1. Can you tell me which condition B:Val151 does not meet? The list is (1) touching a Gly at 6+ places or on another chain (Cβ under 7 Å); (2) without any contact (Cβ under 8 Å) to a residue 12 or more places away in the chain; (3) not in a helix (DSSP H, G or I), and all the others hold.
2. Any idea which of A:Ser341, A:Ser363 is buried (at least 18 other Cβ atoms within 10 Å of the Cβ) and either touching a residue at least 60 places away in the same chain (Cβ under 8 Å) or at negative phi (or both)?
3. Go through (1) farther than 18 Å from A:Phe67 by Cα; (2) modelled with pLDDT under 75; (3) within 14 Å of another protein chain (Cβ to nearest Cβ) and name the single condition A:Gln212 misses.
4. Which one is farthest from B:Trp412 (Cα to Cα), of the residues in segment B:187-237 that are polar (S, T, N, Q) and in a helix (DSSP H, G or I)?
5. So which residues in segment A:146-188 are more than 24 Å from the chain's Cα centre (by Cα), of a type in the set (Gly, Ala, Ser) and closer than 23 Å to A:Ser383 by Cβ, if there are any at all?
6. I'd like to check something: does segment B:403-415 contain any residue that is in contact with a Phe, Trp or Tyr (Cβ under 8 Å, 6 or more places away or on another chain), at pLDDT 95 or above and surrounded by fewer than 19 Cβ atoms within 10 Å (Cβ to Cβ)?
7. Within segment A:283-337, track down each residue that is surrounded by fewer than 17 Cβ atoms within 10 Å (Cβ to Cβ) and either aromatic (Phe, Trp, Tyr) or touching a Gly at 6+ places or on another chain (Cβ under 8 Å) (or both).
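The values are calculated or read from the model by the stated rules, or taken from the named source; none is laboratory data. As the structure is a computational prediction, the values presented were derived from the model and not from experiment. Cβ placement follows ideal geometry from the backbone for every residue including glycine, while neighbour counts extend to all protein chains displayed.
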Amino acid sequence: MNLDHASNQAGPKEERLARRDWILLPLLSLATILLLLGVVEFFVWQGFSPPHLGPDAHLGWGSCTTFSPHTGVRGVPNTTCWENSYDDRLVEYKFNNCGYRGDTSCGPKQPGVYRIVLIGSSYSLGDMVAWKNTFAAHLLQELTRLTGRKVEIYDEGMIWGAPHSTYLRFDHVLHESPGLILWVLTPWDIQYVTLVAPVSIFDQTNKAQLDQLSPAARLGRVLGAVAHNNVPPAASKIIPNARIVLRHFIYESEGAQQYVQSYLMNGDDQAGYLKADLSPAWQKRLREFAADMETMQQKVHAAGIPMVATLAPDRPLAAMLSMGDPPPGRNPFALDNELRSIVTTDGAVYLDVLPGFRPIPESQRYFFPVDGHPDAQGQAILSRLLAKPLPAAPCLSFALPI
Amino acid sequence: MAMETASLQFILFGIAAAILSNLSHSRAWRSIVLFIASLVFIGLIDHNPLTLLPMAGFLLIGYVCLRLLQSGWARFLAWIVVAIIFLYIWLKKYTFLPEASFLHFPYFTLGLSYIFFRVLHVLIETGEGGEKQSIGLGAYLLYTFNFTTFVSGPIQRYDEFARDQFPAEPIPLGPRIVGLQLERIVRGFFKVNVLAMIFNIVRVDALEQLLRPLPGSPRLLPAFELAVVYPLFLYANFSGYIDIVIALARLMRVRLPENFNRPFSAACFIDFWSRWHITLSEWLKTYVYNPFLLAVMRRVDSIAIQPFLGVLSFFVTFFLVGLWHGRTSEFIFFGVLQGGGVAINKLWQVSLQGALGRKPYKALARNPFYVAFARGLTYAWFSFTLFWFWSNWKQIDSVASAIGALRWAGIWCAVWLSATAVLAFWEWLRPLLLSIKTAEGPILTSRYALVVYSSAMGLVAFVLTILLNQPAPGIVYKAF
């Protein structure tokens, strides 16, 4: 206050600034800024660097996944890799002899076993959480307990497993002789419905997809990629990692309302699924999904295999559900309603899990703040919401020991 | 455009206006720049000129009344004051007036609370013969409509404004003063956009945890956080904004009065209000407390009762402080609590002095333990009263029911004791830090130290502002 008062009330005689201060003060300011940036970046690197894994362990997806334009991304059989992120630490991904994530081998179905093949993208894979904490692992235990039957789950979920990619390897899914095909969809799946190739946004092979988007949508995807450090390796070394950590803490600390407001700053390409009236771009994506779904459903119908689909919320959707009253012009159930209509038209069963998130206060806290995938608790919630209605769903051959 | 808050846009706008204003020392030029900048500012906040009509009408009526008073109608001052007060209450739609009487179209009222004080001030000073100089329409509009004080004050006296705005030669503005104002702007921006944001996140989170807790989460900690944090948020938010506008005005060569003076160092609630929103309490002291006290003292002969008249005057004055802040019953109660707090404080002082005697009472008032506990109690009481400032009856009921009356009593005791300890520590630490000196003064307030703080604060505030204005990401996979 004394200094403020003095500077505010200065009279006619005023102290001149020494000549050296004209150079010293700006240099001091610059040094302070650089030092602060350096210290923060240093502590972030120290705090979030992956532990040493050993010579045979692999950090990153490159060694345990493979890509083919005919099937999309698949797991390489009998491999293990690790992922490190700012939201959580080291996560192990072990792929069995068939290239599915899990801790059991795959093979011919044994008598009396009820086999569920789980398909979809990273949610189905259980991205960012240890296998034992995934909803697939929880679901296995829950269904075994509820039905009294021997249940096994083949987790064929995969990162980059957008609907069209899933469609491409669907024959392989049928070949596993499932008693049930369970498809856990997410808003991301519909946003990237035709995606097959797992390339960086900066890669030329992704150019065709980007060209279809509006300039604003293209910029949104580029900024989103930068936000996740999804940039060419050389760029990743110079873009500060502290900003990702800062965003982690910002989104982690925000309540549902504040977080939803932040998310709704995204354009229609990213956040359009939360609108009450879906835009033409989202309607087009739904039609593309419906086309693949129709073909897949014809195949399962011919094979006599029931198929169940559901929409699991991402972090923004979970937050909006927890809010109770959504912002004007928004409807957290808009995409859910459209998907239900498509799935049931084609004869599959649709399970509603979104209402189960409504009574959970601040349910977005069960999702990683920057990454958006459900954490271990979020996976458990999803598993509970699926396990209860699944055995009682129509056309399923579960026998409930009620 | 977030022009009405302490945003980057507002700061850049203010700096641009200051640069333009300083292109000439001519008072006409400076006044024209200030006037146009104020018009542009209002226009950027509200694009529809029709919604500004009621406010324009209020200002016009105020000016007409001013001219009447200047023309010798001073005997009608009381009626004019009552009319202006009524007009203000009506435009602000205070809920004790009938709903049907209000204007039923949306109109602009941001800043009206402060314009009200400025208009009343010039009317009273003119009517009582205090303001000798005739105030023309231009000067009146510049004073009442000044964009630097428009939204949230400070409430400047007209004579002080005229002293700086209208002299032939403006007050000096050298590099050192410019540097201090820029540093103050950065500090204010940091307070509003970082500190206040953090405190608000804590408050909103605590409220959500209290009303809809996560399974297994305790409620006592969120209750404590909720009880403690709002004064900190309000101080960071309000004083940060004041820092910015005072600095911007100083860059335009106008010295606005200070509005905060380390309020949490206050040793009692009366002292608190001489350190918090100083210009508001000064205005009410001048135009409500002093006249009211004089009026009641003239009517009451008993010397024994006279100290208690001070108590009554405090209650009335600070009840109006509360009432001025809002138009609903919550603010009426807020006023009761403010008035009650100050009145009880005065009553305590009067009673204690009566019981102990003058010298022992003064000795007690200097006792560090007594002062520390009084300081903590002041903080706790202010925080308690603020529930009726930021909340509503329904939410207060839910908050109260969340842990029950007994636990809330415990929480408030904990707030009192924690505030006592923390503030006592700070009062001990602050002079110690300031005692580290060179010949030029304390090292920690030297211009080199200020540059370091403001660079660090500026960087943090800038980065956070950028990050918070970016949309939250959706799921984006890393590449192979």
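1. (2)
2. Result: A:Ser363 is the single residue among A:Ser341, A:Ser363 that is buried (at least 18 other Cβ atoms within 10 Å of the Cβ) and either touching a residue at least 60 places away in the same chain (Cβ under 8 Å) or at negative phi (or both).
3. Unmet for A:Gln212, out of (1) farther than 18 Å from A:Phe67 by Cα; (2) modelled with pLDDT under 75; (3) within 14 Å of another protein chain (Cβ to nearest Cβ): (3).
4. B:Asn193
5. A:Gly148, A:Gly179
6. yes
7. A:His301
Here's the yes/no breakdown for (1) of a type in the set (Val, Ile, Thr); (2) more than 8 Å from chain A (Cβ to nearest Cβ):
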| position | (1), (2) |
| --- | --- |
| B:Ile411 | yes, yes |
| B:Ser418 | no, yes |
| B:Val422 | yes, yes |
| B:Pro431 | no, yes |
| B:Ser435 | no, yes |
| B:Tyr453 | no, yes |
| B:Val463 | yes, no |
| B:Leu468 | no, no |
| B:Gly474 | no, no |
